[in-house]
Amino acid sequence: MVSLSERERVVHEALGDPSLANVYRLIFDQPIETPTEGDKLGQMVSAISSSRKREFERLWDDFTSRVVTPETDWIHNDCLMFLLVLGSKNFNLSSGSIDAVLIARESNTNPAARKSNHVFRSLARQEYSLEGEYAFVKAVYLDLTGQLSLNRASSMALFDALTDPNLLSELPPFLRLLAIRAFDLLLTANAPTRENTYAEIVEAIRRLSPQWTLKETLNLVRVLPLKLSITLFLVFITALSSATGVGYWFKGQFAEPNSNTKIQQRVPSKLDSSSE
């Protein structure tokens, strides 16, 4: 669990780092500041944020056309790799162009770098299952590409990964930002909701129906207005009668006697009076 003080510290450090400030703004959906001339990370962020494909392609071609080796410094920049994979998705570019870069990164023996590279390769192959220690990287990526959908299973898997007490201590600054953002997304997706209109109530019931039990049904009926509860009861009896005939028993109990019954009731009374 990320404490508020730890969160503030990570954010403060990111905003104080010129190479991460705009990256933070992109991840947390805040206005991007104009990058400087030599800030290629900032320029990449700006192009992604404003959907300027031609500008991103210029930066993409610059990096993907280079000959790389495991000793090439820039290929081990997690932030740069994340932006390249993200931009390739947003602008429909072939992720195969960065395969050589991701393969060259495999030589890095740093555990965190190897885990992040595994995630980047999965994203490049469009494998989006939120599983594994670094699933938070995928969660932020999916949010930025408009594909994030957290169900119960994926929420629990993401929660387990993010609540590792040693997680933040082993991460570099950029991945710490992703972890904090993923935690925000997890909380937002699972926040309690309040339905205020009839349509919202119906939609909420439909959404919860797969987990519905008899207990929840009885609780729902108990809090409904009296008139609506009576209506539902009568509908239930009508439906039951058509299937089992039980409704006819109810009808027989409360219906007025028919004409034959009335005649039968009057005849004995006349006989009794004549006998007297």
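The values are calculated or read from the model by the stated rules, or taken from the named source; none is laboratory data. All values derive from a computational prediction rather than experimental measurement. Positions of Cβ are generated from backbone atoms using ideal geometry, with glycine treated the same way; all protein chains shown enter the neighbour counts. The accessibility values were calculated without ligands, DNA or RNA, using every heavy atom of the protein model including side chains. Shrake-Rupley method; radii C 1.70, N 1.55, O 1.52, S 1.80 Å.
Below are the figures for this structure:
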{"item": "Qualifying residues in segment 149-190 (those that are without any contact (Cβ under 8 Å) to a residue 40 or more places away in the chain and not in a helix (DSSP H, G or I)) - the one most open to solvent (accessible area, probe 1.4 Å)", "result": "P165"}
{"item": "Matching residues, segment 1-49, being out of contact with any helix residue (DSSP H, G or I) (no Cβ under 6 Å at 6 or more places or on another chain), hydroxyl-bearing (S, T, Y) and surrounded by 11 or more Cβ atoms within 10 Å (Cβ to Cβ)", "result": "S46"}
{"item": "Those residues of segment 25-45 which are more than 25 Å from the chain's Cα centre (by Cα), farther than 13 Å from N90 by Cβ and not β-branched (V, I, T), in sequence order", "result": "E33, P35, E37, G38, D39, K40, L41, G42, Q43"}
{"item": "Residue list for segment 134-148, filter: without any contact (Cβ under 8 Å) to a residue 24 or more places away in the chain and part of a helix (DSSP H, G or I)", "result": "K138, L142"}
{"item": "Unique residue being over 25 Å from the mean Cα position of the chain (by Cα) and assigned to a helix (DSSP H, G or I) when the list is L80, L93, L86", "result": "L80"}
{"item": "Selection status of L93, surrounded by 12 or more Cβ atoms within 10 Å (Cβ to Cβ) and closer than 17 Å to I32 by Cα", "result": "no"}
{"item": "Test: A139 is surrounded by fewer than 18 Cβ atoms within 10 Å (Cβ to Cβ) and either modelled with pLDDT under 85 or under 16 Å from the mean Cα position of the chain (by Cα) (or both)", "result": "no"}
{"item": "Residue that is at pLDDT below 90, surrounded by 16 or more Cβ atoms within 10 Å (Cβ to Cβ) and either in contact with a Pro (Cβ under 6 Å, 6 or more places away or on another chain) or of a type in the set (G, A, S) (or both), where the choices are A104, A113", "result": "A113"}
